[in-house]
1. For region 36-52, which residues satisfy the criterion of being over 13 Å from the mean Cα position of the chain (by Cα) and either at pLDDT 95 or above or closer than 24 Å to residue 133 by Cα (or both)?
2. For residue 76, state whether it is over 16 Å from residue 54 (Cβ atoms) and either in a helix (DSSP H, G or I) or within 14 Å of the chain's Cα centre (by Cα) (or both).
3. Regarding region 23-32, can at least one residue be identified that is assigned to a helix (DSSP H, G or I) and in contact with a helix residue (DSSP H, G or I) (Cβ under 7 Å, 6 or more places away or on another chain)?
4. Give the number of residues within region 80-105 that are assigned to a helix (DSSP H, G or I), in contact with a helix residue (DSSP H, G or I) (Cβ under 7 Å, 6 or more places away or on another chain) and within 19 Å of residue 126 (Cβ to Cβ).
5. What pairs come up if the first residue lies in region 120-139 and is closer than 23 Å to residue 88 by Cβ, the second is buried (at least 17 other Cβ atoms within 10 Å of the Cβ) and at pLDDT below 95, and their beta carbons are under 6 Å apart, counting only those six or more places apart or on different chains?
6. Looking only at residues that are loosely packed, with under 15 Cβ neighbours inside 10 Å and in contact with a helix residue (DSSP H, G or I) (Cβ under 8 Å, 6 or more places away or on another chain) in region 63-79, which one is farthest from residue 21 (Cα to Cα)?
7. Restricting attention to region 45-62, which residues are more than 12 Å from residue 15 (Cβ to Cβ) and surrounded by fewer than 20 Cβ atoms within 10 Å (Cβ to Cβ)?
8. One residue is enough: does region 83-99 have a residue meeting the conditions over 17 Å from residue 59 (Cβ atoms) and touching a residue at least 40 places away in the same chain (Cβ under 8 Å)?
């Protein structure tokens with residue numbers, strides 16, 4: 001991955017992951033785990049904030065909740081996948097909605113993976129590493 005500048009201006013070579021979830025506790029839990037793994041992490045509370053940040057802070061991967069205000073995760077995923085500038089960004093759904101039809105809709109709208117809450121953090125790490133091809137990025 002090419003080096004890039006973090007929002008603070010520091011040089012970062014770690015993959016950037018954006019967490020989109022309207023629950024602050026979930027965002028902070030995931031953020032802490034992923035920073036501990038060496039990732040460059042950005043958090044946003046809803047799809048509108050993600051869309052407005054994509055041009056400036058393009059992530060290498062998005063962790064996306066399904067149930068959110070303004071636009072649900074399925075709609076947001078479809079919007080990202082329709083945009084040629086961003087359709088290659090892998091999306092992992094992280095949701096409490098785990099019925100078979102939810103997983104089916106998630107994959108139909110273009111996600112790379114779908115994990116059901118409560119999360120197995122080891123499984124999340126493995127899936128992120130597999131999708132990004134990073135192995136461990138801890139330093």
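1. Answer for region 36-52, where residues must be over 13 Å from the mean Cα position of the chain (by Cα) and either at pLDDT 95 or above or closer than 24 Å to residue 133 by Cα (or both): 36, 37, 38.
2. no
3. No, there is no match, as no residue in region 23-32 is assigned to a helix (DSSP H, G or I) and in contact with a helix residue (DSSP H, G or I) (Cβ under 7 Å, 6 or more places away or on another chain).
4. 0
5. Going by the 6 Å Cβ cut-off, the qualifying pairs are 137/14.
6. 75
7. Listed by number, the residues that qualify are 45, 46, 48, 49, 51, 52, 53, 54, 55, 56, 57.
8. Checking region 83-99: not a single residue is over 17 Å from residue 59 (Cβ atoms) and touching a residue at least 40 places away in the same chain (Cβ under 8 Å).
The values are calculated or read from the model by the stated rules, or taken from the named source; none is laboratory data. Note that the structure is predicted; figures quoted are calculated from it, not measured. We place every Cβ from the backbone using ideal geometry, glycine too, and count neighbours over all the protein chains shown.
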